[in-house]
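The values are calculated or read from the model by the stated rules, or taken from the named source; none is laboratory data. Model, not experiment: these values are computed from the prediction. Note that we place each Cβ from the backbone using ideal geometry, even for glycine, and neighbour counts take in every protein chain shown. When the accessible area is computed, the model is the full protein with side chains, heavy atoms only, and any ligands, DNA or RNA have been set aside. Shrake-Rupley method; radii C 1.70, N 1.55, O 1.52, S 1.80 Å.
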Amino acid sequence: MDREAFAGFYQRSAPGLRAYLVRVSGNSALADDLLQESYLRFLCAKQPEGGEVNYRRYLFRIATNLLRDHWRKPKHGCLEEVPDQFLVAPDVSSQVDLQAALGPAMARMRPRDRQLLWLAHAEGYSHQEISEITGLATTSIRLLLFRARRKMAHLLRKHRAGDRSLV
Amino acid sequence: MTFRTCVYEKELRQALKDGHWPAGCLPELREHVQACASCSDLVLVTEAFQQARKHSSPEVPQTSNLLWWRAQLQRRRSAAEQVSRPITVAQTFAWAVSVLAALVSAISQYHHGLRWANWWSEVAPLRLFHLAPIVTQNLDWNLFLLIPTIGGLALVGGVVVYLVSEKS
């Protein structure tokens, strides 16, 4: 990929990738750092064949791995062992978008659920594609996504009903 | 929590992905969504995420040029490291051989009573021109010392020559 092609690809793909990183990490500054690192790794690695769709998926995979590395740093310990209350992301909904309900609801979800939900419902990736991005088994994704979606729908309905205890 | 897949889920997912929901869908599907908890969850969550995606900030750091150059530098650095790796290995190996040869020679001399002077007088300049008698008489000793030394010198010499030529 030459410089001009990369500039075009960056313009087209960066907003989506940044939105994913902001939503999943709940931290705009961290998302910007990971965004830069993702593109840097993308450029240094051997890029996949198959054009921009595959480049994009590969980029999401890099970003997902970087997020995982971030959560696995010693200050956080192992992701699976951390209690739910410590994984609640700060609510940055007012900074990043107009969605009143989604921000607080996302903040109540576990990071892995946020990843799966965003990839499936915002990016529209199939279970197979999510499996390639996250490294999880397709069958697990099916079940995890079902549970996450159910929880998210419950939280959205609660917020819609005006339950302020959520915020 | 029970996990069941609705038969309409695939169709509904596609309609949501293509933006055909709800106007572009059959009334039958719309009625089903109202009655099915799983499908209504799917619609609610997908619509929320699609809106969030649509309204997410389009502004990203304008650093594509900087990233490009940083990647080029990183690539060059890793390529240089890859090229110099065999040289580093050769250097380490040469040093190891030299040290081993020195150790072996020191140990053998110790066993021979540290008679450096005597040994040297045995390998007198005159005898150097007649290697055959030396080899036959002190075959084990001379070969033991000579081969590693020559090998070590060859390796170190090769590396030094390579480094000098590369610098120049």
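Some points to look at:
- Per the accessible-area calculation with a 1.4 Å probe, the total area buried between chain B and chain A rounds to 3900 Å².
- Residues along region A:112-134 losing 30 Å² or more of accessible surface when the other protein chains are present rather than the chain by itself (probe 1.4 Å): A:Trp118, A:His121, A:Ala122, A:Gly124
- Judged by the mean number of other Cβ atoms found within 10 Å, the most tightly packed of the peptides A:32-41, A:138-147 leads the ranking A:32-41, A:138-147.
- Inter-chain shielding of A:149-157 (mean C-beta neighbours from other protein chains, 10 Å cut-off): 5
- For the peptides A:11-18, B:45-52, the ranking by mean Cβ contacts within 10 Å, running from highest to lowest, is B:45-52, A:11-18.
- Whole-angstrom gap from region B:75-96 to region A:25-48, using each part's C-alpha centre: 30
- For region B:8-15, 3J(HN,Hα) computed residue by residue from phi via the Karplus equation (6.51, -1.76, 1.60; θ = phi - 60°) reads 8, 4, 4, 5, 5, 4, 5, 5 Hz, glycine and proline entered as x.
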